[in-house]
Amino acid sequence: MFKTYKLFFILLSFIFGIAMSSQAGIVRVAKHLNMIEFYGGYARPVGTYHRIDIIDFLNSQNRIVDLDADKVYDKTFYVGFSYGQLMYNHILYSIGFRYTEIKAKDTFWVEPNYGWSFTPEKPKFNQYDLDFNLNYFINNPSHSLVSPYFGLGFHGGITAVTGYQIETTTDVTLALGVNFGADFTLWKAPDKRSLVTLSSVNEYQFVASDKRPKYLNLGMAIKYYFRP
């Protein structure tokens, strides 16, 4: 776990370092675009898990078992919004909020006839995140009709477990993923000071805290770019 958090902070420091150096460059370049986006999409759980909340996946020999994501979590959705800036015509950084409804299975089978379930009730899981994204566009979105991009997404927030008969618990959790997608220009102002794009907003989360699932996120966004 220590190595995981160390990796988080090294990568986060790298991301912020790039963003801050880019921000400093605004003084030397003439123009940048502000950006507001609203997005949502489908989330498919990925990876393997040896526990969920207070349940450890122990088999009949009392040994920990790793279960595939589809044996622990169901597919779900996410929604969010963010604000950012496009700098140097290619680098977009953004900060925002994201909500994900975590859907868990009813029973977690570690052997064909041996499994675990919640008692006295199955709780509800919700994920509330503050997001930081740093993406690089291959083409300049303000000039090109189609602008593919890739980058990194960092998520830090709260995993909340609630129910009628159980005590509510919250855990601070983190996740890191690879972003990829493209912006498709829908409208551009005649003076070229603003534009609207329809964007694919996709991410593969390759590392996360134990208390939260990792997802392959596939979604769409409406982005509004404008000059300050």
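The values are calculated or read from the model by the stated rules, or taken from the named source; none is laboratory data. None of the values given here were measured: they were computed from a predicted structure. When we count neighbours, we look across all protein chains shown, and the Cβ atoms used for this are built from the backbone with ideal geometry, even at glycine. Each accessible area value is taken on the protein alone, full model and side chains, heavy atoms only, with ligands, DNA and RNA left out. Shrake-Rupley method; radii C 1.70, N 1.55, O 1.52, S 1.80 Å.
Taken over segment 165-187, the criterion of being over 24 Å from residue 129 (Cα atoms) and at pLDDT below 95 is satisfied by 165 alone. Answer with yes or no whether residue 119 is among the hydroxyl-bearing types (Ser, Thr, Tyr) and touching a Gly at 6+ places or on another chain (Cβ under 6 Å). So residue 119 does not fit the description; no. What are the residues in segment 209-228 that are over 16 Å from residue 99 (Cα atoms) and in a strand (DSSP E or B), if any? Within segment 209-228, 222, 223, 224, 225, 226 qualify. Against the numbered list (1) assigned to a strand (DSSP E or B); (2) under 21 Å from residue 178 (Cβ atoms), residue 126 comes up short only at (2).
Might you let me know whether segment 111-123 holds any residue that is within 17 Å of residue 208 (Cα to Cα) and not in a loop (DSSP other than H, G, I, E, B)? No, segment 111-123 contains no residue that is within 17 Å of residue 208 (Cα to Cα) and not in a loop (DSSP other than H, G, I, E, B). One residue alone among 125, 137, 118 is more than 30 Å from residue 51 (Cα to Cα) and more than 13 Å from the chain's Cα centre (by Cα), and that residue is 137. From the list 223, 211, the lone residue that is closer than 16 Å to residue 84 by Cα, basic (Lys, Arg) and touching a residue at least 60 places away in the same chain (Cβ under 8 Å) is 223. Please verify whether segment 166-177 includes one or more residues that are open to solvent by 60 Å² or more (accessible area, probe 1.4 Å) and within 15 Å of residue 216 (Cα to Cα). No, there is no match, as no residue in segment 166-177 is open to solvent by 60 Å² or more (accessible area, probe 1.4 Å) and within 15 Å of residue 216 (Cα to Cα).
Scanning segment 161-194 for residues that are free of Cβ contacts under 8 Å to residues at least 60 places away in the same chain, more than 17 Å from residue 215 (Cβ to Cβ) and among the aliphatic types (A, V, I, L, M) returns 166, 172, 182, 186, 189.
Outside any loop (DSSP other than H, G, I, E, B), surrounded by 14 or more Cβ atoms within 10 Å (Cβ to Cβ) and touching a Lys or Arg at 6+ places or on another chain (Cβ under 9 Å): does that describe residue 85? Judged against the criteria, residue 85 is not a match.
Of the residues making up segment 31-57, those that are touching a His at 6+ places or on another chain (Cβ under 9 Å) and part of a strand (DSSP E or B) number 1. Scanning segment 99-128 for residues that are of a type in the set (Asp, Glu) and either in contact (Cβ under 8 Å) with a residue 40 or more places away in the chain or at positive phi (or both) yields a total of 2. Tell me yes or no: at least one residue of segment 65-81 is over 30 Å from residue 188 (Cα atoms), open to solvent by 50 Å² or more (accessible area, probe 1.4 Å) and modelled with pLDDT under 95. No, segment 65-81 contains no residue that is over 30 Å from residue 188 (Cα atoms), open to solvent by 50 Å² or more (accessible area, probe 1.4 Å) and modelled with pLDDT under 95. Quick check on my filter: what residues within segment 178-193 are part of a strand (DSSP E or B) and open to solvent by 20 Å² or more (accessible area, probe 1.4 Å)? Correct list: 178, 180, 184, 185, 186, 187, 188.
From the list 136, 149, the lone residue that is open to solvent by less than 60 Å² (accessible area, probe 1.4 Å), on the phi < 0 side of the Ramachandran plot and either in contact with a Gly (Cβ under 9 Å, 6 or more places away or on another chain) or part of a loop (DSSP other than H, G, I, E, B) (or both) is 149.
Hey, among 55, 95, which residue is among the hydrophobic types (A, V, I, L, M, F, W, C), in contact with a Phe, Trp or Tyr (Cβ under 6 Å, 6 or more places away or on another chain) and open to solvent by less than 20 Å² (accessible area, probe 1.4 Å)? Matching residue, one of 55, 95: 55.
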